[in-house]
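For reference, the structure discussed in these notes is given below.
The values are calculated or read from the model by the stated rules, or taken from the named source; none is laboratory data. Treat the numbers as computed from the prediction; the structure is a model and nothing was measured. Heads up, the Cβs are rebuilt from the backbone with ideal geometry, glycines too, and the neighbour counts pull from every protein chain shown. With ligands, DNA and RNA removed, areas are computed over all heavy atoms of the protein, side chains included. Shrake-Rupley method; radii C 1.70, N 1.55, O 1.52, S 1.80 Å.
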Amino acid sequence: MGQRGQTTASNLQDTARETADSVADTASSTYAAASELAGDATARAQGAAQSAVDTVAETASTTYGVAADQARRAGDKLQKSASDMRGKVTATGRSIKDFVYEQPLVLVGLGVAIGAAIGAASLSTEAEDELMGESSDAVKEKTADLAKEHLKKAEGVAERALQSATEEAEKQELVSSSTEGDDAFNSRPDAA
């Protein structure tokens, strides 16, 4: 080979080296750019994940706060309702107690009427028949009639007292006014 062949070979060799260096530089730049892009993508993914975690934590905290607040309000309402009910029961008890103190004869009359009704309804014994005979039957009959009469009077008084107590309780807003409850108090078993 001559000089020309050597020069050409040398030029080819230089070109090959330059090309190899250029390819190596390009590969190195590409690797650096790819690494930088991967790092940026990783950082963005981590940031997005952290943002999602923060959002979930904030939502959970808010939800817990709302639920706790609602539970507290429900507890407060339940406590107030129990307190109101206790007051109403106490007031109703006082109304009944006041009625008994103001109308003791009604209570006595009810007791006598109930006792007489039980006595009249019970069967007579042999000893009673031997000692009292027909007199016992007459006394029982009169007692039963008297008991029925007093029971009717006591029912009337009790109805009026109940109506008066109910009206007073409604005035004091201890109970709500309702016409359904009135029918239950005004109806009698013997009216049917």
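Numerical summary
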| item | result |
| --- | --- |
| When residues of region 159-192 are limited to those that are open to solvent by less than 80 Å² (accessible area, probe 1.4 Å) and among the β-branched types (Val, Ile, Thr), the one modelled with the lowest pLDDT | Val175 |
| Meets criteria (farther than 30 Å from Met85 by Cβ, modelled with pLDDT of 80 or more and open to solvent by 40 Å² or more (accessible area, probe 1.4 Å)) for Gly156 | no |
| Residue check for Gly93: at pLDDT 80 or above, within 30 Å of Gln163 (Cα to Cα) and out of contact with any Asp or Glu (no Cβ under 7 Å at 6 or more places or on another chain) | no |
| Only one of Ala113, Ala91 that is over 35 Å from the mean Cα position of the chain (by Cα) and open to solvent by less than 50 Å² (accessible area, probe 1.4 Å) | Ala113 |
